[in-house]
Amino acid sequence: MKYVIPALFLATAATAQDDGSAGTSPDRGAPDIFADETITGTTGAEIYGNVCAGCHMPDGQGATGAGTYPALADNPNLEYAAYPITVVVGGLRGMPPLGPLMSDEQIVAVVEYLQTGLNDFEADATAEAVQQARPEDPMQTTGEH
Ligand code: HEC
């Protein structure tokens, strides 16, 4: 898992440059991204297992080792979708931004999984909230410009 994420970022950056589609609409970028093998899965549980579990562990219990990965199960920070959406889209210190690699629908699905699968909250994630969390230039989430 450690090696997959950086490779995905490189693939995404190359795709965006190749077709010159550094547009502001995340919807335009998504099909190109998914033409490559980036983040796959449609249900929240699938996406969680494919991406998040590598760091946060399959049951969301988190881990401490080379780094500290907070538990996502029984986590009161996840009661409202706005916070996990912001973290998934833009990253948070040790967590890479995943917004450029995921469609709005995937982010909604995985956040709903955090809220209802790993916790006992109501699902309140929406595609609109994801779009609002996305920066105008999706590539700027890396902070490398
Ligand atoms: C490469 C490892 C990695 C991956 C992959 C990853 N995370 Fe994280 N995540 C982290 C780390 C590290 C933190 C803690 C960041 C900090 O506080 O410094 C974190 C923090 C979070 C937080 C904030 C938790 C809190 O209580 O503040 C959420 C929510 C979260 N991740 C959700 C996800 C979701 C959903 C996915 C999959 C779509 C995911 N993460 C994938 C490493 C990862």
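Read the figures in this text as sums done on the coordinates, not as results from a lab. Treat the numbers as computed from the prediction; the structure is a model and nothing was measured. Here the Cβ positions follow ideal geometry from the backbone for every residue, glycine too, while neighbour counts run over all protein chains shown.
Could you compute the FRET efficiency for Ala66 and Thr116, with r as their C-beta to C-beta distance and R0 at 25 Å, rounded to 0.05? My answer for the efficiency is 0.25. Listed peptides 85-96, 119-130 appear in the order 85-96, 119-130 once ranked by packing, highest mean of other Cβ atoms within 10 Å at the front.
For the pair Ala45 and Asp59 in one chain, pulling the backbone fully straight at 0.36 nm per residue adds 4.0 nm over the alpha carbon distance.
Ordering of 100-107, 53-60 by packing is 100-107, 53-60, highest average first (other Cβ atoms within 10 Å, averaged per residue).
With θ taken as phi - 60° and the Karplus curve 6.51 cos²θ - 1.76 cosθ + 1.60 applied, the whole-hertz 3J(HN,Hα) list for segment 76-91 is x, 5, 9, 4, 10, 5, 4, 5, x, 4, 4, 5, 5, 5, x, x Hz, x standing for glycine and proline.
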